[in-house]
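Just below is one structure, and these are the notes that go with it.
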Ligand SMILES: *[C@@H]1O[C@H](CO)[C@@H](O)[C@H](O)[C@H]1NC(C)=O
Ligand SMILES: *[C@@H]1O[C@H](CO)[C@@H](O)[C@H](O)[C@H]1NC(C)=O
């Protein structure tokens with residue numbers, strides 16, 4: 001996320017990414033029957049046009065876009081957009097759609113669908129935002145990357161200090177009992193409308209659907225394979241193959257965690273019905289496959305419609321509530337987590353906890369969606385002006401950890417978005433870090449997805465001194481099931497049954513591109529590596545065979561990566577499971593990657609993913625800067641960090657605009673005003 005320009009912004013917000021959802025809208029026309037959210041102040045468009053109001057606004061926006069390469073320009077642009085938003089949701093949607101389609105950010109049906117669904121919430125947010133406010137600055141920094149981030153606000157809650165005497169579970173003593181085992185999958189992004197034999201190289205965020213007659217089976221030179229293709233989301237056949245592979249590999253697993261994002265990236269076609277039925281479909285298949293005795297899931301940012309939008313105040317009656325998705329998740333997981341946890345999902349914005357039966361291990365599932373910078377509701381009503389705890393998630397989490405500590409339990413935290421990446425809003429990332437640091441003796445691991453790339457991040461007791469003695473928690477981020485831009489993976493962890501420390505994990509994958517259309521081959525799932533076996537010998541001193549993968553070990557691995565480039569590059573290749581890309585990691589990339597491993601909070605991350613972080617602002621319009629940004633955008637999936645996966649198109653739009661202002665003027669004139677291109 002980042003970018004720029006606004007409108008585009010919006011536009012792109014939309015269009016961006018990798019996001020998405022939905023099923024079942026008619027595919028033939030490409031133009032799904034999108035019902036815009038209820039429009040608020042909605043004056044007569046024709047009347048405004050007659051009075052020249054629209055023309056004036058468009059000119060204003062275009063001129064602001066031209067100068068929106070600086071923080072000041074970004075604020076001017078948000079001012080112009082706010083002006084459009086005040087004319088009503090309908091006008092706003094028309095203007096943004098015109099820019100998105102005109103710039104060819106995406107096909108016009110994609111622009112139309114995305115802007116129709118997300119535009120009204122963006123317009124509502126802009127109407128409620130004060131120009132020049134801290135919220136305005138956060139939008140221009142976290143979302144567009146054009147301002148420096150404002151200073152962090154203090155944590156608004158209270159965190160109880162440790163009791164004088166704490167019950168402690170033993171650390172580092174490996175018990176002789178049989179290890180526990182659990183499976184980790186993430187980011188399935190299942191496309192129920194995937195069609196074997198359709199075009200894999202379309203012009204939309206995801207392909208492998210018969211969008212046009214030319215995309216259909218027998219008509220395309222690039223037919224999709226029977227189990228999935230690069231550029232496309234997960235067909236049901238691949239989903240079933242995954243469950244079979246897990247059953248064959250880890251039938252003795254005690255439970256499975258799923259760190260979110262069920263819905264596919266056809267975000268322009270999404271609807272409440274499709275998202276709800278998509279969630280139900282995946283949970284039902286998991287259940288019917290018998291792949292796991294228990295499944296502990298989380299809410300991903302794609303598991304709502306429109307994508308990313310989770311209102312902070314519920315029930316949200318006018319612009320779309322997320323309650324149907326919390327309710328759907330609760331209904332599906334109740335058989336594994338029990339009635340109390342299911343109720344918590346509905347009452348606590350998707351959050352719940354469960355003590356795994358027969359253990360002293362509490363699994364705490366949190367929703368990270370209020371902390372995601374693409375959740376427009378985070379900014380509504382000047383939401384970033386004062387310190388707060390949206391949905392009381394921090395308060396809830398603190399209570400869960402406090403009671404685990406009091407009971408002498410160990411805890412795992414599972415969630416969708418890793419809190420240390422640039423996608424997280426800095427204040428919330430910082431608050432999360434404060435809470436978990438306090439309870440680090442209880443927390444034995446944190447597990448995430450979202451980035452589509454396998455990573456780890458270390459939490460330190462003191463971020464100003466990041467060494468092995470201070471490393472207190474490890475975040476494990478697994479890569480995705482969708483073959484969109486990575487090979488599908490699952491992980492199997494082994495756990496000390498007394499201390500609940502992670503002993504090891506095995507990382508399995510299948511190379512989906514091996515199975516071409518028409519082939520009768522089935523996916524072959526193979527072990528890519530065992531963590532202890534390949535990483536243990538890399539650190540100095542080497543990790544003893546019976547030692548756990550402690551936070552100190554992971555820190556030592558980052559030191560080893562600094563000194564041993566071969567070991568680092570091998571890790572880099574494993575991030576997307578040996579998926580082939582031309583991407584390589586030079587010295588600058590390596591420094592950022594290692595920095596990210598040591599960042600449990602966004603203010604520590606070296607990935608800003610923003611224009612300002614990439615090039616000097618005064619160079620932004622020069623050819624050299626444009627090339628630099630272009631190169632950054634076209635880096636491969638290992639370093640995109642979710643940030644660009646979800647916002648790269650915004651940046652791209654901006655760069656196109658910077659190069660070709662005249663055509664933007666024409667596009668807006670034609671698309672919005674209905675006048676011929678001059
Ligand atoms: C995919 O299409 C091919 C060619 O028509 C067919 O042989 C194959 O069975 C199909 N596979 C699946 C999984 O539908
Ligand atoms: C990490 O490295 C330090 C310094 O080399 C060493 O003393 C410590 O034992 C290592 N810790 C682990 C868990 O390997």
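Numerical summary
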item	result
Compactness of region 180-570 as Cα Rg over 2.2 N^0.38 Å, two decimals	0.98
Mean projected area in nm² (Cα convex hull; one quarter of hull surface) for region 266-393	8.9 nm²
Sequence of 377, 396, 268 once ranked by neighbouring C-beta atoms within 10 Å, starting from the fewest	396, 377, 268
Cβ-based exposure ranking for 453, 479, in which fewest neighbours within 10 Å come first	453, 479
Length-normalised contact order of region 180-570 in % [C-alpha pairs under 8 Å, at least 6 apart]	17 percent
Where labels lie 7 Å past Cα in the beta-carbon direction, separation of residue 522 and residue 317 in nm	5.4 nm
Relative pair counts by distance (%), Cα atoms of region 456-609, 5 Å bins	2, 8, 16, 19, 21, 16, 9, 5, 3, 1, 0, 0
Per-selection metrics, region 549-601 (Cα): Rg and Dmax in Å	11.4, 33
Rough spin-label spacing in nm, given labels placed 7 Å along Cα→Cβ, for residue 343 and residue 381	2.7 nm
Region 230-253-region 304-326 distance, computed between alpha-carbon centres (Å)	30 Å
Proxy reagent accessibility, fewest Cβ within 10 Å first, across 490, 255	255, 490
Centre separation in Å (Cα based) which lies between region 107-137 and region 344-363	34 Å
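Values in this text are rule-based calculations from the coordinates and carry no lab data. Computed from a predicted model, the values in this text were never measured in an experiment. All Cβ positions, glycine included, derive from the backbone under ideal geometry; neighbour counts span all protein chains shown.
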